[in-house]
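> This is the structure I want to talk about, given as structure tokens.
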Amino acid sequence: MRPLYRLTFIIPMLCLTFVDPMLGQEPEDNLGHMHSAKAFYDQGNLDAADRELDAALRVQKKTPLAHYWKGMIALQRDDLRKAEKAFRKARGQNRKLTEPYIGLGLVYLRMKNRKMDAIEALREAIKRDPNSVEAYYQLAIVYKNLSFGDIAPFGFFKPMYVGKGIDALKRTLELSPDHPQANHDLGLTYELGLNNVEKALPYYVKQLESNPQHEESLDRMGRGYIKTGKYREGLTTLNRLTRTFPAIEEKIGPTLAMLEATLHLENGQFDKAEETFEAYIHTLPFEEQTIYRNVTYVLTEEENKRFEALTPIQQEEYTRTFWKSRDLDLTTPANERLAEHYRRALFSRTNFGENTFPWDRRGDMYIRYGEPDDRQQFTLSVGQLQQANQGSRRTGSVPTIQDMSDAIRESAQSSAIERHAYVPTGDARIDAIREMNFQQRYQVAVEASTVGLSAYRVESWVYVAVGIELFFVDQLNNGIFDYPLMTRSRDVRQVARQSQFHPARLAAELIKNTPEIYEHDFGGDPLGYYYDIVTYQGEGSKSDIEISFAVPAYQLGAQTDGQGEITSLNARATMMDEGWEELFSSAMQFGPFARPAVLRTAKNNTAISTFQIPMSILPGEAELAVSVRDAVTRKIGIYRQPLSIPSYTARTLLMSDIKLATSITPTIRKRGAFIRNGYEIVPNPTRIFASNQLVYIYYELYNLTLAEDGRSRFQTDIRVSFQEKQTNAIWRVLSQFGKLIGGSETDNELFYSIEDASDSTFVARFTGIDITGSEPGRYTIEITVTDLLKDQVVAKDTYLLVAEEVATRSSPVVRRIGRDADETEETMAWEQDDSGENEIRQRPSPSISLPENPLEGTTRANPSWEDLLRVLNTPEYALATDDSTREAVEDTTVTSFISRLKHNINQKRTGSDMTKDMVLIPAGMFLMGSDSTSSDEGPMQSIYVNAFYIDRYEVTNEAYKSFIEATGHTEPTHWTDRTFPSGEARYPIVGISWYDAQTFTQWAGKRLPTEVEWEKAARGDDGRIYPWGDDFVPDWVNTKGD
């Protein structure tokens, strides 16, 4: 951005109208020449205008206005001496005229070291005409030039000139509210003279309202809203101007895009921000576009050398991959780091590029490290003991003559080098860095000068993350800041400190070690979770990958925080290849499910939510990014890791990775969250197991050799070793496959060998390992498979952590819907007895204490996917009872309601078989919900339900009548005389409330089924639409209408 404001010093001189109030006093011939001269001047024909003025002077030599206009023509031709001579002649011929004094002011403004003469001439013009708009305006231009032009020797007096310039411009606007330039110059004075962009903005807006084609006002207004952070206000103003002046819509477009992009970024809409920034950059000239595209601004010196050696095409590819590698969240469409880079480039160009391209030294640091933790500006004056505004941002106050006199007098007694001051921030980290820098490192100072008075603006930047303070000095008083110059000193220690801790050296070391810093705000506190990655052979040349996640319930807060009882998790996974091209991306929502009732910590017994994302991609080196966000607390966890995806295309014996699971159950279902090759495999990404818990391992074998009888024969060796200390590892391998052919146990190791066979070259196997009594610690599991027909061997290993056994399901934070508060979770496990036969037994699944940091050390994952169960409404009519003697969990709302009943319903019906006319629904998984119907039924997910009994038929009118007769409960409103309509004894009861149904179930000694239980009982466990299948059969149901 070039310093366009300097052009305004000249433009008013070239646009003066040819007004001559004295023309009426001239001879008639002279008037003709003067009118002709005016016409030629307006047309820009200066030569013809000059000839007519010469003719007028030949008619009458004493024509002051002719001399005045000859001076204006000379001024346009940049002949300052000739112009000054002409204006002097005009003044000498008529000292009452205002115009000659204005002309002299214009000449002196453009002459070196004549600005004070310009002020004196313009003041004389105002004395002769106190309402002269042009005199006031040109006086303001002179003060503006002294305030923030190139007049360094007058730097100390700049605040005074700024104040006088503002007064002159305000007077100009009082006399001419529609002045074509004064509003813009007043805004410029506030912005550049007083560093007050907020005060400047209204004047830029007024300038555009009077002249919507004023490009510099439009540019400065847009950048002013960027500087002040008032993006929304800027958009509102620009849209209003566009509606008022439709013709400027195209011109305003880039400024609108600039503000919209920054607003999107502030609102966390990174995809829109990146897209809008790209649109804005495309509107810029090529030279400006390179600022945003140039990656060298954030590279190290060595990286820059390598970059410069690349071809243009290679540089373009390098830039693309560089920003992709810096993307903090690969799972989103936007590149948050690149969007922030665009913002930093815009900010640097706007704030630090006023007088140099693309920006000064401050921009070099800002684009790498962003906004400093504290930034202060103060003034250092040579020889001054203390400055009134030192250490604070410049105010708009104007010093008096007495102030300046005192300062000059004190300067004669001051030392050559002085300490800088700063305003304490109240942040101990920032203030400590500044004080340490002064006491032990670098003291910014200005040496005494023999050339008049000099004042230097200094900025102090503090970056807490890297513990440094940097100084930037406007050494030439031209608005371009750089590192301070080295100061001369006889103190050797002072010289050594300057050399070692000089800002230029500190910055160079920082760039070398930390070339950039960006701390992204993801819109929530960190969410800790575990994840695990397992690979298998996929279709064709691809490999299947399963990424399982585990979120401890304590990471989700608690219902007591007032944010609701349920939540859901939004998970995303993205895989990039070595060239940062996307291989796979998936986004899934899990839930809703119940939040913890009370706040827990990792030390409490806690439940865990488990879910899984599958993908299928080609093998090779890749970068995996996973993110999980809690919908209620907005906590988010984002992790990345390089990943080597193995190939399973070889013809030799191959084995998949080993998957650790909390349970593995054979199933006939084809679909489900954890179903693979006929097994329901509930993963354990934490790799943490309680010492009274079964450890399940799952793996697959490929390319087994088949004998002539079409069967393969292979041996599986399982070795479990304790890695930390000697212990009595009491482990048993529980496998439903093959025959145990040997084994051994030592203090640190368990070894078992199983001979197995199959009728396929592919087999999927799982094994249960009983770790009861094992010491807590880290264990390694190694599985070696030998193809007995071809003598090929393949081996894989994994590890797990054994934790202390704790109370089973003690006060679970999250429990399955439909389970009692004191109910234990039951899982199915295979155990081999002494005879070698397999039997099924039940084992409690305990809660365990988790580490504080889910991703710290060797821990990787842990959860109980059950916590992802949906919270559903309870249906009416059908009854259910647990397959146990425990009471159903009381609902406080229901209890409150029942307590107000007149009749005692606690006398439950007894003396009959509770399970008569009921059907046992066995424990296990089933597919609940749908992916193809209304949103409240999705997504389809695999749900575990304990065994329960449910009534074979709906509750009938006849049964309900028995209830109201026994308890005196109110009958349905459509009944007459407390009885149902004739002939409807076996009809289902209708017209009752949920509370009526709940009261009936308590009387009956049962309870209402949950929606989970109702759906499993109605549709089966394999996701069918109707109880008999997926096709509707009208004859099998009672329906009404079509």
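> As an exercise: evaluate SER774 against (1) closer than 16 Å to GLN693 by Cα; (2) part of a loop (DSSP other than H, G, I, E, B); (3) at pLDDT 80 or above; (4) not aliphatic (A, V, I, L, M) and give the number of the one condition it does not meet.
Every listed condition holds for SER774 apart from (3).
> Please specify each residue of region 906-964 satisfying the condition of being among the β-branched types (Val, Ile, Thr) and at pLDDT 85 or above.
Answer for region 906-964, where residues must be among the β-branched types (Val, Ile, Thr) and at pLDDT 85 or above: VAL919, ILE921, ILE950, VAL955, THR956, ILE964.
> Tell me, please, whether a residue that is closer than 18 Å to LYS796 by Cα, assigned to a strand (DSSP E or B) and aliphatic (A, V, I, L, M) can be found in region 619-638.
No, because not a single residue in region 619-638 is closer than 18 Å to LYS796 by Cα, assigned to a strand (DSSP E or B) and aliphatic (A, V, I, L, M).
> Look through region 409-446, keep the residues that are among the hydrophobic types (A, V, I, L, M, F, W, C) and not in a loop (DSSP other than H, G, I, E, B), and return whichever of them is modelled with the lowest pLDDT.
PHE438
> Return the pairs, sorted by first residue and then second, in which the second residue is β-branched (Val, Ile, Thr), the first residue lies in region 944-956 and is in a loop (DSSP other than H, G, I, E, B), the beta carbons are less than 6 Å apart, and the residues are 6+ apart or on different chains.
Listed pairs, sorted by first residue: ARG952/VAL919; VAL955/ILE989.
> I would also like to ask the following. Any chance region 7-29 includes a residue that's part of a loop (DSSP other than H, G, I, E, B), buried (at least 19 other Cβ atoms within 10 Å of the Cβ) and at pLDDT 80 or above?
no
> Something else now. Looking at THR321, THR331, THR300, which one is farther than 17 Å from GLU519 by Cα, β-branched (Val, Ile, Thr) and more than 24 Å from the chain's Cα centre (by Cα)?
Being farther than 17 Å from GLU519 by Cα, β-branched (Val, Ile, Thr) and more than 24 Å from the chain's Cα centre (by Cα) holds for just one of THR321, THR331, THR300, which is THR300.
> Kindly check whether there is at least one residue in region 278-295 that is of a type in the set (Lys, Arg) and over 25 Å from the mean Cα position of the chain (by Cα).
no
> Hey, another quick one. Scan region 971-1016 for residues that are in contact with a strand residue (DSSP E or B) (Cβ under 7 Å, 6 or more places away or on another chain) and part of a helix (DSSP H, G or I) and jot them down.
Residues satisfying the conditions are THR1001, VAL1012, GLU1013, GLU1015, LYS1016.
> Something else about it: If ASP532 satisfies every condition in (1) of a type in the set (Asp, Glu); (2) at pLDDT below 85; (3) in contact with a Leu (Cβ under 9 Å, 6 or more places away or on another chain) but one, which is the exception?
For ASP532, the failing item is (2).
> Return the residues of region 77-89 that are surrounded by 17 or more Cβ atoms within 10 Å (Cβ to Cβ) and either at pLDDT below 90 or not hydrophobic (A, V, I, L, M, F, W, C) (or both); say none if nothing qualifies.
Answer for region 77-89, where residues must be surrounded by 17 or more Cβ atoms within 10 Å (Cβ to Cβ) and either at pLDDT below 90 or not hydrophobic (A, V, I, L, M, F, W, C) (or both): GLU84, LYS89.
> On to the next question. Could you please find all residues in region 588-636 being at pLDDT below 90 and of a type in the set (Gly, Ala, Ser)?
The answer is GLY591, ALA594, ALA597, ALA602, ALA607, SER609.
> Can you name the helices (runs of 4 or more DSSP H) wholly within region 94-152 that have at least 3 residues being surrounded by 24 or more Cβ atoms within 10 Å (Cβ to Cβ) and in contact (Cβ under 8 Å) with a residue 24 or more places away in the chain?
99-110, 133-148
> Could you tell me whether region 116-137 includes any residue that is at pLDDT 90 or above, within 50 Å of the chain's Cα centre (by Cα) and closer than 23 Å to ALA182 by Cβ?
Within region 116-137, one or more residues are at pLDDT 90 or above, within 50 Å of the chain's Cα centre (by Cα) and closer than 23 Å to ALA182 by Cβ.
> Restricting attention to helices (runs of 4 or more DSSP H) lying wholly within region 236-317, give those where 2 or more residues are in contact with a Gly (Cβ under 9 Å, 6 or more places away or on another chain), touching a residue at least 40 places away in the same chain (Cβ under 8 Å) and surrounded by 15 or more Cβ atoms within 10 Å (Cβ to Cβ).
Qualifying helices (runs of 4 or more DSSP H): 249-266.
> If the requirement is being within 51 Å of the chain's Cα centre (by Cα) and free of Cβ contacts under 8 Å to residues at least 12 places away in the same chain, which of these qualifies: ALA1018, ALA997?
Criteria check complete, one pass: ALA1018.
The values are calculated or read from the model by the stated rules, or taken from the named source; none is laboratory data. Source: prediction; values computed, not measured. Positions of Cβ are backbone-derived with ideal geometry, glycine not excepted, and every protein chain shown enters the neighbour counts.
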